[in-house]
Ligand code: NAD
Ligand code: TYD
C-alpha cells in the first residue's frame, strides 16, 4: 500500500482538490503537501483539511535539489503525485525561463530524488500530472489520443512536454515506476482569476471589460476540476505503470460562446437585465502563437479504468459561478497577494 504520499503543488487550483479528495477519502494515507506558495498557491484553499491528522504542509521549492533530497530522506515517500508547475500560458509568453526552471528542472529534481531514494521500486509510484497542450493544436476535426505525437507550441506546453519526456526517460532508463495523465482545461472553485473562466466571472461581477482574444473562435475542452481529481485517484490506484492516460469530458466550447453563456448565467444570478453583461465583451489583440483547438479523446481511461465525468458542463459552471459569487473575498485576496503575505510570514523555507 502507498501510504506516505508527497503531493507537489497542493496549494494550487487542481492540487488543492486532489489533496482534499485524498485526505478525506484515505484516512490511512499521510498526505504531505509540498508547495512554494507562489502567486498561484494558497493555503486558504485547504482550510477545511489543514487540521486533519493525515495532512501536513511543507513549504519549499521543487527546483532546490538538496532540499528535495533531504525531504525524500526524511519522509521516505511511497508515492509522489506531482502537480507543482507554472501553469498560465500568457505568463509563459512573458517569462519563459520561470516555466523552464519550475516545470522542467523541478520535475527532473523530483525524479532524481525518487530514483536515489527508491532503491526497491516495486511498490512505489511517481504520478506526473500533465496537460493536453503537449499535443499541440488541432484543426476543425479530430481528437488528441495517447498516441498523438507531441507538438507543443507555447513556452508553457513545451516545458510540460519536456517534463513528460523526462518522466518517460526515467521509466525507460531506470525503471522508475511512473504514470502520466494529460488533461484538458479545468474549471471550478479556487482557480486563480487569470484563467479564462474565473477571470470572466470576476470581471462580470465587477462590471469590467471581458477581454476575448482575437475573434474568440479558439476552442477549449472543459472538465470540472473535481472530475479531474477523481480521475487522478482512479489512475493513481489502478493505472498501469509506464502508461499515459488522457483525461477529458468531450466538452468543447468556442471561447466566445462560453463567455456569452457565462454572461447569461450571471445576468440571471445577479438580477441584471438579459444581455447586460454581454455588453462588457471586448475583443482584444490575439495571444501570440494562440493554439486553435484542443479536444481530448478519453476513451482509454473510460474503457480500461471505468472513469467518466460526473457532471454536465452547465451544472459544473453553475456551481463554479456560485462559488465565486460566494467567495469574492477569496478572489480579491489572491489578486492583491494578501493571502501570500499572510502565509509567507508563517512559513520559512526548510
Ligand atoms: P496552479 O498554477 O493553480 O498551481 C500550481 C501550484 O504549484 C501552486 O500552488 C504553486 O505555488 C506551486 N508551485 C509553483 N512553482 C513551484 C515550485 N518551484 N516549487 C513548489 N511549488 C511550486 O496550477 P493548476 O492549474 O492547479 O495546475 C496543476 C497541474 O496540473 C500543473 O502541472 C498543470 O500543468 C496541470 N494541468 C493544469 C490544467 C488546468 O486547466 N489548469 C489542465 C491540465 C493539467
Ligand atoms: P486559459 O484559461 O488561459 O487556458 P489555456 O490557454 O491554457 O487553454 O485560456 C483559455 C482560452 O481563453 C484560450 O483560448 C485563451 C482565451 N482567453 C481569452 O480569450 N481571454 C482571456 O482573458 C484569457 C485569460 C484567455
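Residue-wise test of (1) under 24 Å from residue 21 (Cβ atoms); (2) outside the structural domain of residue 336 (by TED's automatic domain parsing).
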residue	(1), (2)
141	no, yes
153	no, yes
168	no, yes
173	no, yes
177	yes, yes
182	yes, yes
204	no, no
216	no, no
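Within the range 80-96, how many residues are within 7 Å of ligand 1 (Cβ to nearest atom) and under 30 Å from residue 3 (Cα atoms)?
Taking the range 80-96 first, the residues within 7 Å of ligand 1 (Cβ to nearest atom) are 83-88.
From what's left, under 30 Å from residue 3 (Cα atoms): 83-87.
Going through the range 80-96 one residue at a time, the tally reaches 5.
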message: Out of the residues in the range 307-350 meeting the condition of being in contact with a helix residue (DSSP H, G or I) (Cβ under 7 Å, 6 or more places away or on another chain) and under 30 Å from residue 149 (Cβ atoms), tell me which one is surrounded by the fewest Cβ atoms within 10 Å (Cβ to Cβ).
response: 308
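Which one of these is assigned by TED's automatic domain parsing to the domain that holds residue 227, more than 16 Å from ligand 2 (Cβ to nearest atom) and either within 14 Å of the chain's Cα centre (by Cα) or modelled with pLDDT of 95 or more (or both): 57, 13? First the steps, then the outcome.
Working: 13 fails: more than 16 Å from ligand 2 (Cβ to nearest atom).
Residue meeting the stated conditions: 57.
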message: Can you tell me which of (1) buried (at least 24 other Cβ atoms within 10 Å of the Cβ); (2) closer than 24 Å to residue 310 by Cα; (3) more than 13 Å from ligand 2 (Cβ to nearest atom) is the one residue 178 doesn't meet?
response: (2)
message: I'm checking my understanding of the structure. Among residues of the range 87-133 that are within 12 Å of ligand 2 (Cβ to nearest atom) and assigned to a loop (DSSP other than H, G, I, E, B), which one is surrounded by the fewest Cβ atoms within 10 Å (Cβ to Cβ)?
response: 88
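A quick yes/no check of all residues on (1) crowded, with 22+ Cβ neighbours inside 10 Å; (2) farther than 23 Å from residue 143 by Cβ:
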| position | (1), (2) |
| --- | --- |
| 169 | no, yes |
| 172 | no, yes |
| 190 | yes, yes |
| 207 | no, yes |
| 221 | yes, no |
| 224 | yes, no |
| 228 | yes, no |
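For the range 5-28, which positions are surrounded by fewer than 19 Cβ atoms within 10 Å (Cβ to Cβ) and out of contact with any helix residue (DSSP H, G or I) (no Cβ under 6 Å at 6 or more places or on another chain)? Don't jump to the end; show me each part of the working.
Taking the range 5-28 first, the residues surrounded by fewer than 19 Cβ atoms within 10 Å (Cβ to Cβ) are 21, 24-28.
Answer for the range 5-28, where residues must be surrounded by fewer than 19 Cβ atoms within 10 Å (Cβ to Cβ) and out of contact with any helix residue (DSSP H, G or I) (no Cβ under 6 Å at 6 or more places or on another chain): 24, 25, 26, 27, 28.
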query: Can you find a residue in the range 137-156 that is within 11 Å of ligand 1 (Cβ to nearest atom) and within 25 Å of residue 7 (Cα to Cα)?
result: yes
query: Scanning the range 42-69 for residues that are out of contact with any helix residue (DSSP H, G or I) (no Cβ under 8 Å at 6 or more places or on another chain) and without any contact (Cβ under 8 Å) to a residue 60 or more places away in the chain, which turns out farthest from residue 86 (Cα to Cα)?
result: 53
task: Can you tell me which residue within the range 29-42, out of those that are buried (at least 22 other Cβ atoms within 10 Å of the Cβ) and out of contact with any strand residue (DSSP E or B) (no Cβ under 7 Å at 6 or more places or on another chain), is modelled with the highest pLDDT?
output: 40
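The values are calculated or read from the model by the stated rules, or taken from the named source; none is laboratory data. Given the structure is predicted, the values throughout are model-derived calculations rather than measurements. Here Cβ is always computed from backbone atoms with ideal geometry, including for glycine, and neighbour counts include all displayed protein chains.
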